[in-house]
Amino acid sequence: MHPKAHLPGPMRMLAQATLLEARRGGLPLLAAACIAGTIGLAAFVSQVAITESVPLQASLAAALLRVGAAFLVAAHVVTSVAREAADKGFELALSLPLSRTQFYLGRLLGHAVAGTAIATAFALPLLAWAPPDAVAAWWLSLAFETLLVASLSLFLVFTLAHVVPALAATAGFYVLARGIASIQAIASGPLADDGFASRAAQWAVDGVALLLPRLDVATRSDWLVYGAPGATELGRVLASLALYAALASAAGLVDFHRRNL
Amino acid sequence: MTIARPARAPAAEELPPPPRPAILRAAALGETAAFARLAMVHLQAFDLSSDNATPYRNLDYARLVGWLRAIRDVDPRSDYALLSAARIYAENPDPARSRMALAFVHESFLQDPDRRWPWLAHAALLAKHRLRDLPLARRYAADIARLSRDSNLPDWARQLEVFVLEDMNELDAARVLLGAMLAAGKIRDPAERRFLEHHLRDLESRSGIADKGEKR
């Protein structure tokens, strides 16, 4: 039995079409420009550092590439779906013998593979500054992080139906997920008030934190400077990212099924 | 028509009050290694321009130390803030400012003596040779020997207090300390042991105590 038969034909074709669209839409060129710009900036900044120039280069490049990967994936997913909606591509696709689930997951698979390709391209230059095991952990985490961003962007663009709100919501979710742990620490810190308003704010922050993945412990540039995380820690990070990606996908599927297209 | 002016380094008075470490950590969005080092690159630009004969002389050192502390707490494993404090900001010709930087180095050492002893050793040498504050140098040197358990701690760092005491003309205290180090078996290298035993005899003769000829 051919391995490719495990994946339904329509889903595979949709994934391939999504990848082709990414290639023709200039995504590889944008990724290359991102890499070149990041390396140049990291090299420049390290010239003015008086110490720890290599850790500075590695950590700064990793931090910028991580944000760049998330932005490229989110922007590509949102604009691709918005363009297809404007061209009535959904109606055409769904008029074929293709279930909504296959359509949605096929698109998601294509975007996930594109995200993994971006993560791979972004991880390779880091080998110049960090050991292979640390770069491998960073790459894996970034691949899962781009999967999460792709799932979330797909869900939000189908729900919000316009480019700017979908991008803004994705960016807001992403920034909040990366900063929520620090916000919790500030809200419950020694300088926090003891009054009811302050406690209510703490509860609200803790409630929001429950809904968000801990992106502050994923794809850390610290790994490149201080060593790769242990297998348990990395496994927890990847499992958390996969879980939230699955939740976002499920939410997107539910919303896509109830839409009147 | 306005022609773009070349950017200038920020002046000393432009250094803002330091934020709380928690705020700085929140701004890092999890990328503490990159953010702490980038923050140090930004900080070192204040009061550092080509027309400034004495860099950092006008900086508000209370604010500066606040910033160094906040940046250090964002990424405690980075030594950038400590190197800057020990080798740049502490070498300010103003003794008051220099002491503030050295106090920051000492405070940081107490948090992680096994890793940060090199900076306190440098601070002790600065206190001894630049500030000519031997009691301060002795305090730093004593803390290195007492608190650091780093197996790579070199002998000169461990013995620094003895030599500071000699410079303070506190020969008796130096003799007692060196004798205790030899008796405790902390000196493992034979050549070093011979050198220090010879030095101990020299201290004893200088402080007027006869050599008993016992092997210590």
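FYI, it's all coordinate maths here, none of it is from the lab. Since the structure is predicted, the reported quantities are computational estimates derived from the model, not experimental observations. For neighbour counting, all protein chains shown are included, and Cβ atoms are generated from backbone atoms with ideal geometry for every residue, glycine included.
Brief remarks on what is shown
- Just so you know, the Cα atoms of the protein assembly as shown work out to an Rg and Dmax of 29.8, 107 Å.
- Point-to-point label distance, A:Val175-B:Ala45, nm (Cα→Cβ direction, 7 Å offset): 2.1 nm
- Here the simple spin-label model places points 7 Å from the Cα toward Cβ, and for A:Gln16 and A:Leu243 these points are separated by 3.7 nm.
- Cα pair distances exceeding 16 angstrom across the stretch A:152-261, given as percent: 69 percent
- Crossing angle, helix A:100-123 versus chain A [Cα axis fit, 0-90 degrees, rounded to tens]: 40 degrees
- Three-way shape label, chain A, alpha-carbon gyration tensor, a/c 1.5: oblate
- Between A:Ala128 and A:Ala168, the contour length at 0.36 nm per residue exceeds the Cα-Cα span by 11.0 nm.
- Summing Lys and Arg as +1 and Asp and Glu as -1 over all other residues whose Cβ lies under 13 Å from the Cβ of B:Val164 gives a net charge of -1.
- Contact order relative to length of chain A, as percent, for alpha carbon pairs under 8 angstrom and 6 or more apart: 26 percent
- Sorting the Cα pairs of the stretch A:110-208 by distance into bins of 10 Å, from 0 upward, gives 14, 28, 28, 22, 8, 0 percent per bin.
- Among A:Val217, A:Val54, A:Val45, the largest mean-square fluctuation in a Gaussian network model of chain A, built with springs joining Cα atoms closer than 10 Å, belongs to A:Val45.
- Distance between modelled label sites at B:Leu147 and B:Ile23, nm, 7 Å Cα→Cβ extension: 2.8 nm
- Once the trypsin sites (Lys or Arg not before Pro) in DSSP loops with at most 12 neighbouring Cβ atoms within 10 Å are cut out of chain A, the longest remaining piece is A:89-258.
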